[in-house]
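Reviewing the structure listed below.
The values are calculated or read from the model by the stated rules, or taken from the named source; none is laboratory data. These numbers come from a predicted model, not from an experiment. For neighbour counting, all protein chains shown are included, and Cβ atoms are generated from backbone atoms with ideal geometry for every residue, glycine included.
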């Protein structure tokens, strides 16, 4: 059976209260028990001192004289708090017993050497007995004095107390459960309100937020956390929609160009040279589509949970020198000079394949947005353990710089310069850098160029 949250709270409270109540009830019973019987033992001991002080003996014989102590009413009555007296010799024979002991009644003797207290029964009534040695002037024990008083009153009190505690215990539990349930219902009422408010948020109103409680307690923290989660979801949905829109645009552009060129060719017969030219343009657009598809597949692999970096200790200089010729040839097409300043013994931790992809994208980006007769610098700072890729190209404005790592983002300056691209390269670089715990940052100024900085772990 599954209990509601408020009932679980009430149940836990009842269990705690039940345990505490049981301990308190037990302590009450023990205190009353000890108090009830200790005062009986004190009365018996006082009585024994009076009786023994009035006894006489000759050698090993006990002499019973008539004394006022024997004539007290408490030694004659049976019904109302009687006190029973009995004296026996060492052989157990009864020498004296009070008149309230009927002919066939006698007190059981424990025959212990020291004084002792114990419980017994006489005439179907509970009694408390005290047994004391009778010692003569030479220090020899010559008999036993047994005194008994009624235990019925103390027994009745304890019996009634037990019943009161046993009846009170479940009543206290039920009352505690009801009050705890009511308190829990009021306590979790804001949670129900939070559930209703959160369940009303969907894609269409994802910009709505939950109202923060007035008190800054755990519920406030929960609401704040949910709002932060909604912020991330809204941002993710917006990015997804933007990605879909941008991807559609990037795919539609070359497809429209291909369709347009084919429609032009099919309208009428043309010279072979025209066909060759248009076919080359179609191939160029197909290559563009192929490049876009490859980058989209790279992003899909990076975003998957199975993507993991194969960390190795790499010689950065060797890694860059293996790609330097390719970059230099591409840069030479725009008359850009590539300057590499990497010491031979620089070692970094990373995945060689992913690090090559990062450097390829950064260098291609620097070449693409560089200016003719410009420069690209690859520098290593050993103290800070950073690799910088710097160009002196068109640059990015301060307002647009925070967006350069977003998918399909291209600044207005890059678009106006007619530079072909789809805005996925830097997004891939950012993803791969984060995957290898490499900190990637960028600085840029319009018409002064851009610098991308890779900070490696020590």
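Points to keep in mind about this one:
- Just one of the listed residues (11, 3) is assigned to a loop (DSSP other than H, G, I, E, B) and more than 27 Å from residue 156 (Cα to Cα), and it is 3.
- Residue within region 149-172 that is out of contact with any helix residue (DSSP H, G or I) (no Cβ under 7 Å at 6 or more places or on another chain) and within 20 Å of residue 96 (Cα to Cα) present: yes
- Condition check for residue 27: closer than 22 Å to residue 160 by Cα and either surrounded by 15 or more Cβ atoms within 10 Å (Cβ to Cβ) or touching a residue at least 24 places away in the same chain (Cβ under 8 Å) (or both): no
- Residues of region 201-230 that turn out to be in a loop (DSSP other than H, G, I, E, B) and either touching a residue at least 60 places away in the same chain (Cβ under 8 Å) or under 22 Å from residue 189 (Cα atoms) (or both), as a count: 11
- Single residue of region 375-388 satisfying the filter (crowded, with 17+ Cβ neighbours inside 10 Å and free of Cβ contacts under 8 Å to residues at least 60 places away in the same chain) that is farthest from residue 440 (Cα to Cα): 375
- Where residue 309 falls short, out of the listed (1) touching a strand residue (DSSP E or B) at 6+ places or on another chain (Cβ under 9 Å); (2) part of a loop (DSSP other than H, G, I, E, B); (3) at pLDDT 80 or above: (3)
- Here residue 138 fulfils each of the conditions (1) crowded, with 21+ Cβ neighbours inside 10 Å; (2) part of a loop (DSSP other than H, G, I, E, B) apart from (1).
- Spans of helices (runs of 4 or more DSSP H) in region 342-458 with at least 1 residues at pLDDT below 90, closer than 25 Å to residue 321 by Cβ and in contact with a helix residue (DSSP H, G or I) (Cβ under 8 Å, 6 or more places away or on another chain): 352-368, 425-435
- The strands (runs of 3 or more DSSP E) found wholly in region 78-124 and carrying at least 3 residues that are loosely packed, with under 15 Cβ neighbours inside 10 Å and at pLDDT 80 or above occupy 116-122.
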